[in-house]
Amino acid sequence: MNLSIQNLSKTYPNGVQALKDVNLEIPVGMFGLLGPNGAGKSSLMRTIATLQEPDTGSIQLGDLNVLTQKTEVRKVLGYLPQEFGVYPKVSAIDLLDHIAVLKGITNGKERTKLVKSLLQKTNLWQHRKKGLGGYSGGMKQRFGIAQALISDPKLIIVDEPTAGLDPAERNRFLNLLSEIGENTVVILSTHIVDDVKELCTNMAIINQGEVLKTGNPLEAISEVEGKIWSKTIEKEELPTYQDKFNVISERLIAGKPEIHVHSDGRPDDSFAPKVADLEDVYFSRIKESTQPAEVAV
Amino acid sequence: MLEFIKFELNYRFSRPVTYIYFLIVFLMAFLATSTDIVRAGGSGGKVMENAPVVITALMLAIMIFAIFITSAVMGVPVLRDFEHKTDSMVFTTPVSKWQYLSGKFIGSFIIVLLISSGLLLGAMFGQSFQWPWKDNMDNLMAFNFMYYWNPYVIFVLPNLFIFSAIFFLGGSLGKKMTVVYAQGIILFMGYLVAQTFLAELDNQNLAAILDPFGFGSLAVTTQYWTVAEQNTQFIPFSGFILYNRLVWGAVGIASLAFLFIRFNFQLAGNASRKTKKKGTREERELKDQVIESPVVQQIFGFSAQLTQIRSLSWFYFKWIIKQVPFISIALAGVAFVFIIAFVGGTGGYDIEVYMTSSRAVDMIGIFNLFFIIITVFYTGEIVWKERDVKMNLIYDALPFPNYVSTASKFIGMVLMSIFILIMLMVCGILIQLIKGYPVIEWNVYLTSLFGDTLALMVLYLILGLFVQALVNHKFVGFGLMFAFYISMIVMSEVGIEHAMFYFGRASVGNYSEMNNYGHYLTPFSWFNLYWFGLAAIFYAVAILFTVRGIDSSFAVRLKLGQQRMTRNALVTIVGALIIFAGSGAYIYYNTNVLNEYQNSDDGKADRARYERTLNQYEWIAQPKIIDTYVDVDLYPKSRDFKASGYYVLKNKSDETIDQIHIQKSVDNQLTTALSFEGGFSVDTVYEDFKYTVFNLDSPLAPGDSVKMNFDVVFTTVGFKESGSNTDVVYNGTFFNNSAYFPSIGYNSGFELSSDDDRKEQDLEVKERMMETDDPRGVAQSLFGDDADKISFEVVVSTDSSQIAIAPGYLQKKWNEGDRVYYHYKMDTPMVNFYSIISADFVVIKDTWQPPVDTLPEVNLEIYYNKGHEYNTERMMNGMKEALTYYTKNFSPYQFRQLRIMEFPKYRSFAQSFANTVPFSEGIGFIQNIKTNDVDLPFYVTAHEVAHQWWGHQVTEAGVKGNAMLSETLSQYSALMVMKKNFKPEIIKEFLKHELNSYLMGRTFEQKKEMPLYQVEGQGYIHYRKGSLVMYALQDYIGEDSVNAALKRFNEDWAFKDAPYPTSKDLISYYREVTPDSLQYIITDMFETITLFENKTTEAEYEKVSDTEYIVDLDVSTIKYQADSLGNEEAQELKDWIDIGVFAEGSDGKDSLIYLQKHKISQEENSFTLTVGAEPVKAGIDPINKLIDRNPKDNVKSVTEKEEAI
């Protein structure tokens, strides 16, 4: 069951164009949607999750028209929104049970088992009776994925699930995602390149509502292989370098900026070649699409 | 701190809603003052619309409505920081808690003050110009800023502070807006409870203090203000008003203090450690378990949806009932119901009414408005619940149909409503049991609470869902609901009065234990069907347009709505539309086609036209009825009757009469056919007024008679919009001849009477009654000019399950099929006033032996509804004692029979017809009379029996002062019977209420207060002042002397036709028996409005020996004469007034050991009295015989004199 997105556009009433003629073919497996904040990732995900109407375009999930057969889509959908709240005084087990009912698990015994397995899977079993208001960010995210996993959905959409998690929690979470069955379309949006690198077989880079690049992460890396150069400079030199070279990213290493430059040849001898990674793909694509560049790491 | 103030001000000034609030307040004040939409205080009549009292009442009323503005502004300042999660930022800056809180409070309070200035400005603006829509400016005095400033400073400002402090506390500590709203509702309930307390004399002080709005203290302070005082006096900042302000001001300050102490100026990090520990252990256990995903089945059919609805509804229901605001409102409701049941809620004379199920339900009904508020409020909360906790995206992507979520919210709310109602029903039942009236009428609880109230709550719930779904903004939704509620009040003012325009209006009527819900159930059911049809449409539309996902633009929702428009939805909407339109059409057919519908303005216009067209005939010579015979067939099951009979009309004038004017009943359910024996023709028909002028073929010469036959058919068809007929009912029919049978000539009773109404219709203001000396008036009795006395005979038939009663003696009773016939005939002439009564009665019988052997035995009978036997003994006893006293002191009883018949409590009075007394279920049958209570059934019985003398034996002229001859004398007669039968304390209690009612009555006088001998149908004068004055009169000149005068009066005037006696005649009898030295009291009591201000300023005693004490008293006396508006003028003193001393009696209560009348001829007086026991209290007019506006300061505790050293 593929997810096929055709010519999807959306402009918000305030004039912001969130999606510009987006075309994507998303096969089963883990699909990463990479882009900076405000790129349109969430708009795209919400549209796929039947929560938002596009201005034009179509979305097809296997035989289902996502835009009109909403209820059918929702039956096979697991969705974890970017930001969500919970009833602070309701316990995890109660709320999960409640959501399971709404997902159509009306058999009480089955539901009890399911809820138990999901809570165990997400390592929340020991906290099941605790009010969700007392959950930490990571626990809450795990609860979020638990509810999204109810009844083996065919389409799972997780929107920025790792934002704000500490490294341990993040790992735990990614492990969870990786266990999801192979017959499922999983769309993971993130602005953290490593998330995609570690998990996804396919990905798309999106910025300002446009798809900049789609494909397999490894293939994408090979495209920029040998074209990324790095150099450590002084802080005050940064503007000069930015003028002179195609600086795609900079980061501080021991207090000094290290810049990455995308260039077919070595800019000059002071630059050292760098082994390309997905981040470089990401930044170079973003850089291309955004002038002047404004990149968050 | 200044920073926070500035921040709040800037924040508020930048929000449009601040200006909207101001505008709302301004407009409310403006509309209330510049239009007639709101009538507050005693305004209307002679009280000016810009009198300070009126403006105070108005401002307070607006404050009740505007309480939501205060809560919205004062609840949020701290709350906002929590909601926007800026709390951590603020709390970590180096500000102190004190600066933070006081800054926020002061800033917001300044905004509240600014908004409230709209009240001042709106009121002043509204009353300063001649608005084109305003009829007249007569009701305004010259502008005076103080009229507005006085109430603003005394009530509005303190209220704002108090409420602001309370809401600020709730918002800051509760951290939820719902807590603030709950506070608002509880304050409002406090007001409601205070209102019920106010009705009771003994609880008024409590009400004055407890009312958070200050209404109670205002009412207690100004309740005796005359019209003149209301127009001139400012609200004093003293007495109860001061105490109330102090108490509540303290509550406000305490709230703030509590907040400053308890507010936690630290961050709320609250991961509990306890569970963590336990967690690690469990975690270890878990590691060993293999996690495998069970196979589950997703089911999406209808049965699955039902499961989902059940689960979700229960989830929402549990959520609501766990909410602190909900719990507090519910508990407050319960508490207040109990408080009202046990502290307040008594009837007239503070007598407890048995706690029947219908009374318990009525008590609960006080809170109907707050049910609506809580419904509307939680509807908004529940619609926004997922979005408020930001779970909406998860929910919205779940695979349930739209209707499941809406239906579950709906059902959750309905469960909440049922929960509240069950809780209150349990309270009601408990109260019934505790109060010792364990007759639980389940059908009353079910119908009133789970039919009427629940229907209303559900309708408002759906309206709330609908509005919230459409506007998709919680607070705009609340605002719209509020505006909607207000608009219904405004609608009635522009002439839209039909219940079909008032969302949710469907009345199940007043429950009577005789007639149950009677015929009210039918229109109630239809109206509910109609409203639920509309609600179903609302509901369907709400489902179609509910926002799911994040799109909220109208275009997208329209598109989604179309997508969601399934066959089922369409069928539902069309079905609902058919129900709505169909039931609407049926209701319209019933109320406007089968029955006549008229709004009140049209009704007034009709009455004005009647007067303009027909007033010319008021004084033309017409014959009088001398003989009446009628066959009445009652059909209680269908609420119909037929009456056919005749009048014999005699020309008692000295002119020949060739035209007879007949006024038929104007009731549209009734048709009247007439004919005159000896030939006649119709001259003119005024169809609109059912007034016909007939030509007689052979004119009536003076002294001649003619027989007029009439047939009256009364058919109840369908139901009416309002004012449905309560005379002819399933069980408890009671009507009199004047309402349905033809009458002779023009009926001045149809004329508009209030000055305001007459001005509106461009009619001259008229006197309420004819002058006492008017020969035309003296020529007719109070029962009208149709007849003097008549001979009367009637055959009444009714359903065989009922007993039919009319005046007269039963000649014969027989059955025909399922009908029973009663033939009554009166053997002596009686007044032209008779009633027809029919109900399923239980009868008790007794006889009374007159004290004089030559007089015949009298049959006494009480016809009452089964279960209402509590007070029948008291009534029976009342009849006997009254008959005995009146026969001994006035004249023999003229009949051989006296019957009391109960009728349903749609009306609350008893009325005396010849040898029969219909007596309302509400005023004597269900009272729980305790030892120290005024025996209401006894008193009412004695009063009605007295009318057999005063009204039936002696019938007075229909002129000013007439009621002094019938009502005042009946009050006197009943009082004397009571005096003979009860302890003095009970008489005192009775008179205390009479004084209060008289003084209150003056306040509400619409036109002019009259002296007793000129009374114009003013109950507070002829009943209440009448009791006081007559009691004082017999105290001054002696009971024997008064009775001697009345006996003579009776001898001279009983059983006579015109001319009829007037108050002036009666006064001359009083003067005859009054010594010269006391002639002035006749003037003071009957001929002028005289009031006293007696006060004891100093009271000391000196002990001479154990049996000799010398009491020194300083007292002051002012005697006023008031004009018709209550302007007072001090009078020269030459009065005899009681001076009394109390000692502690053997029963521990005060008992009089000295009571003597002393001549008072100056304002300040001192007395030195010698008494034989240790005095406790002493004073002037100690048992309140004189009319005194401060009766409590007449007596003072006596202290032992300190020896001068």
- Which one of these is surrounded by fewer than 17 Cβ atoms within 10 Å (Cβ to Cβ) and closer than 30 Å to B:D138 by Cβ: B:G777, B:G749? B:G749
- Item | Matching option when the condition is assigned by TED's automatic domain parsing to the domain that holds B:I1139 and in contact with a Gly (Cβ under 8 Å, 6 or more places away or on another chain), among B:T1062, B:T1107, B:T1097 | B:T1107
- Quick one: which helices (runs of 4 or more DSSP H) lie wholly within the range B:217-332 and hold at least 1 residues that are within 14 Å of chain A (Cβ to nearest Cβ) and at pLDDT 90 or above? B:302-321
- Item | Considering residues of the range A:12-41 that are among the small types (G, A, S) and surrounded by fewer than 23 Cβ atoms within 10 Å (Cβ to Cβ) only, the residue farthest from A:N216 (Cα to Cα) | A:G15
- From the option list B:Y395, B:Y403, single residue qualifying as without any contact (Cβ under 8 Å) to a residue 40 or more places away in the chain and not charged (D, E, K, R) is B:Y395
- Only one of (1) part of a helix (DSSP H, G or I); (2) modelled with pLDDT of 90 or more; (3) closer than 30 Å to B:N595 by Cβ; (4) in the same structural domain as B:F419 (by TED's automatic domain parsing) is not met by B:F527, so which one is it? (4)
- Where residues in the range B:381-412 are surrounded by 23 or more Cβ atoms within 10 Å (Cβ to Cβ) and small (G, A, S), which of them is nearest to the other protein chains (Cβ to nearest Cβ)? B:A397
- Residue check: is B:F676 crowded, with 16+ Cβ neighbours inside 10 Å and under 17 Å from B:T656 (Cα atoms)? yes
- Task: Please work out if B:Y586 is surrounded by fewer than 19 Cβ atoms within 10 Å (Cβ to Cβ) and either of a type outside the set (G, A, S) or away from every other protein chain (no Cβ under 14 Å) (or both).
- Result: yes
- Message: Which numbered condition in (1) within 11 Å of another protein chain (Cβ to nearest Cβ); (2) over 24 Å from B:Q308 (Cα atoms); (3) in contact with a Phe, Trp or Tyr (Cβ under 7 Å, 6 or more places away or on another chain) is the only one that A:E53 fails?
- Response: (3)
- Message: Condition check: closer than 19 Å to B:T941 by Cα and of a type in the set (A, V, I, L, M, F, W, C). Does B:F990 satisfy that?
- Response: yes
- Quick one: A:N2 ticks every box in (1) more than 9 Å from every other protein chain (Cβ to nearest Cβ); (2) surrounded by 15 or more Cβ atoms within 10 Å (Cβ to Cβ); (3) polar (S, T, N, Q); (4) under 29 Å from A:A100 (Cα atoms) except a single one, so which number is it? (2)
- Could you grab the pairs with beta carbons closer than 7 Å, sequence gap of 6+ or different chains, first residue in the range B:120-139 and assigned by TED's automatic domain parsing to the domain that holds B:A57 and in a loop (DSSP other than H, G, I, E, B), second one modelled with pLDDT of 80 or more and among the hydrophobic types (A, V, I, L, M, F, W, C)? B:Q127/B:L140; B:S128/B:F143; B:N139/B:M48
- Query: Among (1) surrounded by fewer than 20 Cβ atoms within 10 Å (Cβ to Cβ); (2) hydrophobic (A, V, I, L, M, F, W, C); (3) touching a Ser or Thr at 6+ places or on another chain (Cβ under 6 Å), which single condition is B:A123 missing?
  - Reply: (1)
- Is it fair to say A:R111 is basic (K, R), surrounded by 20 or more Cβ atoms within 10 Å (Cβ to Cβ) and either more than 8 Å from chain B (Cβ to nearest Cβ) or touching a residue at least 24 places away in the same chain (Cβ under 8 Å) (or both)? no
- Message: For the range B:1125-1148, give me each residue that is in a loop (DSSP other than H, G, I, E, B) and of a type in the set (A, V, I, L, M).
- Response: B:L1125, B:L1133
- Task: Taking A:K70 as the residue in question, decide whether it is within 9 Å of chain B (Cβ to nearest Cβ) and over 20 Å from A:V186 (Cα atoms).
- Result: no
- B:G1172 in contact with a helix residue (DSSP H, G or I) (Cβ under 8 Å, 6 or more places away or on another chain) and touching a residue at least 40 places away in the same chain (Cβ under 8 Å): no
- What is the one condition in (1) assigned by TED's automatic domain parsing to the domain that holds B:N731; (2) more than 30 Å from B:I803 (Cβ to Cβ) that B:Q669 does not satisfy? (2)
- Could you pull out the residue among B:D688, B:D683 that is out of contact with any His (no Cβ under 6 Å at 6 or more places or on another chain), outside any strand (DSSP E or B) and either basic (K, R) or surrounded by fewer than 19 Cβ atoms within 10 Å (Cβ to Cβ) (or both)? B:D688
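The values are calculated or read from the model by the stated rules, or taken from the named source; none is laboratory data. Not measured: the values here are computed from a predicted model. Cβ: placed from backbone, ideal geometry, glycine included. Neighbour counts: every protein chain shown.
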